[in-house]
1. Sticking with the crude label model, points 7 Å out along Cα→Cβ, report the distance from His189 to Glu85 in nm, one decimal please.
2. Quick one: what are the phi-derived ³J(HN,Hα) couplings along segment 322-334, Karplus 6.51/-1.76/1.60 with θ = phi - 60°, whole Hz, x for glycine and proline?
3. Quick check: residue separation of Leu57 and Ala255 times 0.36 nm, minus the Cα distance between them. What number comes out in nm?
4. Quick one: in segment 3-107, what % of C-alpha pairs are over 23 Å apart?
5. Taking 0.36 nm per intervening residue step and subtracting the Cα-Cα distance, what contour gain separates Asp26 from Asp304 on full extension?
6. What list do you get for His92, His189 if you sort them by fewest beta carbons within 10 Å?
7. With n ≥ 4 as the cut-off for DSSP H runs, can you work out [θ] at 222 nm for the chain, using -39500 (n - 2.57) per run divided by the number of residues, rounded to the nearest 500?
8. Please tell me the relative contact order of segment 272-364 in percent, rounded to the nearest whole number, where contacts are Cα pairs under 8 Å and at least six residues apart.
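What follows is calculated from the coordinates using simple rules that are stated; it is not laboratory data. Just so you know, these numbers come straight off a predicted model, no measurement behind them. Virtual Cβ from ideal backbone geometry, glycine too; neighbours counted across all protein chains shown.
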Amino acid sequence: MSRIVIKIGSNILADSKAGLNYKRIDAIASEVASLCGQGHEMLIVSSGAVAAGMRRLGFERKPSEIRLKQASAAVGQSILMAAYEKGFDYHHIKIAQVLLTREDLSNRTRYLNAKNTLLTLLSFKVVPIINENDTVSTEEIKFGDNDQLAALLAGAVDADRLIILSDVEGLYSSDPRTCADAKIIRKVHEINDQIESLAGCSSSGVGTGGMYSKVLAAKKAIAYGIRVDIISGKKRGLLRDLIAGRNIGTCFEPAKRSISSRKGWIAFAARPKGLLILDDGAVRALLKEGKSLLPSGIKAVEGDFSAGDVVRCVDKNNKKIAKGIVNYSVKDVDKIRGKRTDQIEDILGYKYADEIIHRDNLVLST
């Protein structure tokens, strides 16, 4: 059987006036329990805490102040988990709460700890209910929305599928709210500029994502080799129908050449702590020749990083070329930039590696 991540947005579970939709949560729990019974491993990335807390605190619309959003999240998270606990307990399914910030996944050690915790929960047949930790998140450590969190976690746990429950049927050829002849796109073979341009923005008033965010999340997930489906989250039975093979919503096919979980972390989760400006020869070596980055190709260095940190590589025009894990600190890179590899030991007094970034620890920008 397969490992499936399901992402559920605020607009599926709640609205600003009525609070949580308990019937919808019970229906989703029933479908997920049914899939668990078929042997599938299920993880849920769920929004809804802020919307639930808004109702309890008496806000008529989503507050704009961070402290009020965080207060709403603190109140609403327990309400949200209580609703899931009730829905899954009816089917004798255990659940667990997992709250994360972007900082948790950008740090390699914490990323691996989160991954190991989730895999352990699955081994005990527990359904993790994952949400961004909005109570402590600030703009610097936010994912932006749970679509991105779901894509990163799907890659981390080596999921087979990511299913995004949306307030629309899937990706359309044009905006279905304004175009009567809009048609749903059933299958996407490649996410290119045209596909991205078809995506719109959220207008629900309780969520932070939109179709554009979902397409960007799909772009990350398919790079891992994960199939992504965007389907309606407001119709009962669609999850089971989708897994049974019914043609529902929009399917984004996985990339033919997938990246590993490690390279996915470098590409999508890790935050660069520095910048390496490369000369034309180094850019060509990375992009065209599949080589590692040597000190001779580095023109300048910026930031504050240590060996083992992730940095971004750019060309002389500041165009993004790659991200990777460096073998040397910023001070050492600055000393040996532009030099030959046989000069490293003489300059530094030691040589850890010939490469500043080994090819195995480097991901090209897309």
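1. 5.0
2. In residue order, the calculated couplings are 6, 10, x, 8, 8, 8, 9, 6, 4, 5, 6, 4, 5 Hz.
3. On the way: separation 198, 0.36 × 198 = 71.28 nm, distance 4.45 nm.
Result: 66.8 nm gained on full extension.
4. On the way: 1640 of 5460 pairs.
Of all Cα-Cα distances in segment 3-107, 30 percent exceed 23 Å.
5. On the way: separation 278, 0.36 × 278 = 100.08 nm, distance 4.88 nm.
That pair, Asp26 and Asp304, stretches by 95.2 nm at full extension.
6. Going from sparsest to densest Cβ surroundings: His92, His189.
7. On the way: 14 runs with 134 residues, N = 366.
Helix contribution divided over all residues of the chain: -10500 deg cm²/dmol.
8. It rounds to 33 percent for segment 272-364.
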